[in-house]
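Just below is one structure, and these are the notes that go with it.
The values are calculated or read from the model by the stated rules, or taken from the named source; none is laboratory data. This structure is a prediction, so every number in the text was calculated from the model and none was measured. Here the Cβ positions follow ideal geometry from the backbone for every residue, glycine too, while neighbour counts run over all protein chains shown. Surface areas here come from the heavy atoms of the whole protein model, side chains and all, with no ligands, DNA or RNA. Shrake-Rupley method; radii C 1.70, N 1.55, O 1.52, S 1.80 Å.
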Amino acid sequence: MQKPFLDTKIPEGPLEKKWSNYKQHAKLVNPNNRKKLEIIVVGTGLSGASAAASLAEMGYQVKSFCFQDTPRRAHSVAAQGGVNAAKNYKNDGDSVYRMFYDTLKGGDFRSREANTYRLAECSASLIDQAIAQGVPFAREYGGYLRNRSFGGVQVSRTFYARGQTGQQLLLGAYQGLMRQVKTEKVKLYARHEMLDLVLIDNRAKGIIARNLDTGEIERHGAHAVVLATGGFGKIYYLSTLAMGCNASAIWRAHKKGAFMANPSWTQIHPTSLPQSGPYQSKLTLMSESLRNDGRIWVPKDQNEKRKPNDIPEEDRDYYLERKYPSFGNLAPRDIASRAAKEQIDAGKGVGALKNAVYLDFSRALKEYGKNIIKERYGNLFDMYRKITGINAYDEPMKISPAAHFSMGGLWVDYELMTSINGLFAIGEANFSDHGANRLGANSLLQACVDGYFILPYTLSNYLASEIKVPKTDIQHKEFDIAEANCRKQLEDFLTTKGTKTAEEFHKELGKELYDKCGLSRSKEGLEKAIENIQKLRKEFKSNLIVPGDAAEVNSELEKAGRVADYLEVAELMCIDALQREESCGAHFRQEYQTEDGETKRDDENFSYSAAWEWTTNPSKPNLNKEPLIFEFVKPTVRSYK
């Protein structure tokens with residue numbers, strides 16, 4: 001029997017009618033009542049900015065929080081390759097249903113049908129929205145919007161603005177947000193970090209935040225709270241994410257009762273720049289769009305000494321084209337990353353550390369000419385040259401897998417509400433649309449669709465029952481308790497007086513996770529990782545050093561809080577990976593694979609989303625299961641061969 005708090009609230013009716021049925025029956029809040037209702041939105045990336053702007057445009061009073069100095073610095077700017085939409089401009093057989101199926105299959109049939117279909121259904125509206133905002137998508141000579149392909153599909157449905165699609169979409173959302181700031185419908189709190197969630201009568205009623213410039217601890221109340229704080233791939237330390245990306249907002253909410261779903265499903269992106277030395281603190285993403293025209297290969301000979309341009313075709317192994325002829329270099333990310341690791345582990349890696357593979361544009365340059373390639377990827381080639389000193393027009397790029405996207409996140413129902421009433425999670429902060437592996441160019445889509453087109457309906461449906469509820473009293477005892485706990489944690493960090501910085505702990509944790517809960521996992525490795533993480537967490541409590549104090553700008557204090565959370569998130573990731581005795585998508589258990597090394601799914605025993613419940617002991621979480629029921633699609637063997 002499914003527990004009431006795991007009620008998915010999926011509407012009745014045919015798949016293609018569920019969202020329209022929901023909208024037709026959702027409760028509404030009239031314009032005069034909207035003025036009385038306050039909403040907190042934490043995060044100003046694509047999901048947070050679009051949600052705050054949309055809700056304020058409707059008339060709600062919105063408080064918007066970000067730890068950056070401006071919403072424009074949200075990590076959505078780093079998404080390069082494009083955004084998917086089922087508009088079928090190429091007349092190549094695309095449709096809403098095909099996009100839904102590609103996404104469901106890409107996630108290895110580990111996501112909800114209804115949520116995944118809604119993502120595809122709303123995709124066309126997003127492109128219209130972005131065009132209206134002035135997003136400069138690439139166009140054909142005749143003026144039509146141009147499309148390209150991405151991994152895991154056989155059609156062209158990805159709209160793009162060179163290699164800076166995320167930045168352009170974020171600027172569109174940002175201008176909408178700042179318009180509402182100007183009208184005073186949104187109050188923007190930049191350089192503020194959420195430290196805790198406040199519940200009153202088991203409903204989300206506010207947050208505790210720290211002003212990162214002054215150190216002041218602040219209380220903020222609202223009728224509902226929306227978390228739009230992105231993913232936690234930075235837990236691996238070396239990742240494609242910005243240094244500030246973290247899991248703290250969703251983890252603090254988890255410890256207040258919000259279930260965490262499928263935390264072990266984290267994506268390793270196949271086209272990052274390789275690590276060049278131990279001094280690095282992050283890696284740089286090269287867009288997956290490069291795989292449209294670039295061909296990936298390694299030398300056949302492990303002892304190859306020649307420069308890439310001097311290696312003839314017969315001595316090259318285009319391993320993706322060889323292993324996955326139907327999709328070739330556009331195989332999904334999890335498959336492409338594992339295939340690269342396979343070649344590197346076999347001793348065929350290239351570069352100074354032998355930790356990369358080649359991404360070669362020589363054939364495309366001959367076929368299309370330099371001007372066309374420059375038009376498509378020019379800023380990416382420029383970025384590569386600035387970082388590496390190598391001109392990729394003249395010789396192949398070197399790329400390597402790197403930690404990237406979190407498919408797991410806070411569990412949410414069809415309305416994007418967590419297991420806490422009044423707490424919503426949108427974008428990468430939730431788990432809802434991607435299953436065990438995200439297809440490229442679906443990240444920007446989900447973030448925008450959640451903020452622009454879904455949350456305004458579902459949050460209004462919730463707030464319709466809150467219109468008679470007065471403004472939240474920030475002097476309530478629950479705010480007192482939450483603030484006291486936050487102050488105590490900060491004080492504990494400052495008074496430990498150990499010898500290791502938060503950065504050192506983070507680096508050690510990241511290596512442990514990447515080695516044992518990264519591209520491949522095993523029972524033995526995960527059990528050892530859990531043991532080591534527990535030891536590391538114990539050492540963190542006694543040997544951390546944080547200079548300075550809390551009443552000032554103190555980035556080391558910020559890091560300490562985020563790493564403390566990572567040390568708990570990491571253990572849950574490993575526990576989640578250990579209990580899932582199958583291989584699916586990005587979760588590759590060595591014990592569960594086919595004879596030719598592909599994932600071996602177990603639908604009979606593991607066709608569910610794991611929703612973990614906090615029990616005050618990070619080593620003993622409680623597992624709740626949301627069964628994945630496939631009414632409209634029969635899960636098949638996920639093959640791209």
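Does segment 395-414 include one or more residues that are open to solvent by 40 Å² or more (accessible area, probe 1.4 Å) and either touching a residue at least 24 places away in the same chain (Cβ under 8 Å) or within 25 Å of residue 323 (Cβ to Cβ) (or both)? Working first, answer last.
Restricting attention to segment 395-414, the residues satisfying the condition of being open to solvent by 40 Å² or more (accessible area, probe 1.4 Å) are 395, 398.
Next, from what is left, pick out any that are either touching a residue at least 24 places away in the same chain (Cβ under 8 Å) or within 25 Å of residue 323 (Cβ to Cβ) (or both): 395, 398.
Yes: one or more hits.
Within segment 543-557, how many residues turn out to be at negative phi, surrounded by fewer than 20 Cβ atoms within 10 Å (Cβ to Cβ) and either at pLDDT below 95 or not hydroxyl-bearing (Ser, Thr, Tyr) (or both)? Before the answer, list the steps.
Narrowing segment 543-557 to residues at negative phi: 543-547, 549-557.
Then keep just the ones that are surrounded by fewer than 20 Cβ atoms within 10 Å (Cβ to Cβ); that gives 543, 545, 547, 549-553, 555-556.
From the residues that got through so far, the ones that are either at pLDDT below 95 or not hydroxyl-bearing (Ser, Thr, Tyr) (or both) too are 543, 545, 547, 549-553, 556.
Residues in segment 543-557 being at negative phi, surrounded by fewer than 20 Cβ atoms within 10 Å (Cβ to Cβ) and either at pLDDT below 95 or not hydroxyl-bearing (Ser, Thr, Tyr) (or both): 9 in total.
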_Of the residues 69, 102, only one is modelled with pLDDT of 95 or more, of a type in the set (Asp, Glu) and surrounded by fewer than 24 Cβ atoms within 10 Å (Cβ to Cβ); which?_
69
*How about segment 224-331: which strands (runs of 3 or more DSSP E) wholly inside it have at least 1 residues that are under 20 Å from the mean Cα position of the chain (by Cα) and closer than 30 Å to residue 167 by Cβ?*
224-227, 266-272
*Write out, first by first residue and then by second, each pair whose Cβ atoms fall under 6 Å of each other, whose residues are 6+ apart or on separate chains, and whose first residue, in segment 295-311, is at negative phi while the second is open to solvent by less than 90 Å² (accessible area, probe 1.4 Å) and of a type in the set (Phe, Trp, Tyr).*
295/318; 297/318; 297/358; 308/358
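So in segment 195-207, with the set limited to residues that are among the hydrophobic types (A, V, I, L, M, F, W, C) and surrounded by 24 or more Cβ atoms within 10 Å (Cβ to Cβ), which one is nearest to residue 49 (Cα to Cα)? Steps first, please.
Initially, segment 195-207 is screened for residues among the hydrophobic types (A, V, I, L, M, F, W, C), giving 195, 197-200, 204, 207.
Then drop every residue that is not surrounded by 24 or more Cβ atoms within 10 Å (Cβ to Cβ), which leaves 197-198, 204, 207.
Details: 197: 20, 198: 22, 204: 20, 207: 18 Å.
Among those residues, the one meeting the criterion is 207.
Only one residue in 447, 441, 429 is at positive phi, crowded, with 16+ Cβ neighbours inside 10 Å and within 18 Å of the chain's Cα centre (by Cα), so which one is that? Explain how you work it out, then say what you get.
Values: 447 fails: at positive phi; 429 fails: at positive phi.
Only one candidate qualifies: 441.
Yes or no: segment 143-156 includes at least one residue that is within 30 Å of residue 552 (Cβ to Cβ) and open to solvent by less than 10 Å² (accessible area, probe 1.4 Å).
Within segment 143-156, the subset within 30 Å of residue 552 (Cβ to Cβ) is none.
For segment 143-156, residues within 30 Å of residue 552 (Cβ to Cβ) and open to solvent by less than 10 Å² (accessible area, probe 1.4 Å): absent.
With respect to residue 119, is the statement that it is surrounded by 23 or more Cβ atoms within 10 Å (Cβ to Cβ), in contact with an Asp or Glu (Cβ under 6 Å, 6 or more places away or on another chain), in a helix (DSSP H, G or I) and not small (Gly, Ala, Ser) true? So that I can check it myself, show each step before the final result.
Numbers: surrounded by 23 or more Cβ atoms within 10 Å (Cβ to Cβ): yes; in contact with an Asp or Glu (Cβ under 6 Å, 6 or more places away or on another chain): yes; in a helix (DSSP H, G or I): yes; not small (Gly, Ala, Ser): yes.
For residue 119, the condition - surrounded by 23 or more Cβ atoms within 10 Å (Cβ to Cβ), in contact with an Asp or Glu (Cβ under 6 Å, 6 or more places away or on another chain), in a helix (DSSP H, G or I) and not small (Gly, Ala, Ser) - is met.
Yes/no matrix, rows are residues, columns are (1) part of a strand (DSSP E or B); (2) within 25 Å of residue 219 (Cα to Cα):
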residue	(1), (2)
154	no, no
162	no, no
167	no, no
170	no, no
177	no, yes
194	yes, yes
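Among the residues of segment 566-574, is there at least one that is closer than 26 Å to residue 402 by Cα and in contact with a Cys (Cβ under 7 Å, 6 or more places away or on another chain)? If you could, list the steps in order and put the result at the bottom.
From segment 566-574, those closer than 26 Å to residue 402 by Cα are 566-574; that's our starting set.
Those left that are additionally in contact with a Cys (Cβ under 7 Å, 6 or more places away or on another chain): 573-574.
Looking through segment 566-574, at least one residue is closer than 26 Å to residue 402 by Cα and in contact with a Cys (Cβ under 7 Å, 6 or more places away or on another chain).
Looking only at residues in segment 574-596 that are in a loop (DSSP other than H, G, I, E, B), touching a strand residue (DSSP E or B) at 6+ places or on another chain (Cβ under 8 Å) and polar (S, T, N, Q), which one is least open to solvent (accessible area, probe 1.4 Å)? So that I can check it myself, show each step before the final result.
In the first step, residues of segment 574-596 are kept if they are in a loop (DSSP other than H, G, I, E, B); the result is 580-583, 585-586, 588, 590-592, 594-596.
If we keep only those that are touching a strand residue (DSSP E or B) at 6+ places or on another chain (Cβ under 8 Å) as well, we get 580-583, 585-586, 588, 590, 592.
Next, only the ones that are polar (S, T, N, Q) stay: 583, 590.
Values: 583: 0, 590: 93 Å².
Applying the filter and picking the extreme gives 583.
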*Tell me which residues, restricted to segment 304-328, are at pLDDT 95 or above and among the polar types (S, T, N, Q).*
309
*When you go through 156, 125, 95 one by one, which is the residue that is within 20 Å of residue 434 (Cα to Cα) and without any contact (Cβ under 8 Å) to a residue 24 or more places away in the chain?*
95
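Could we say that residue 492 is part of a helix (DSSP H, G or I) and more than 29 Å from the chain's Cα centre (by Cα) here?
Details: part of a helix (DSSP H, G or I): yes; more than 29 Å from the chain's Cα centre (by Cα): yes.
Against the criterion (part of a helix (DSSP H, G or I) and more than 29 Å from the chain's Cα centre (by Cα)), residue 492 qualifies.
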*Report yes if some residue within segment 606-617 is within 25 Å of the chain's Cα centre (by Cα), open to solvent by 20 Å² or more (accessible area, probe 1.4 Å), of a type outside the set (A, V, I, L, M, F, W, C) and modelled with pLDDT of 95 or more; otherwise report no.*
yes
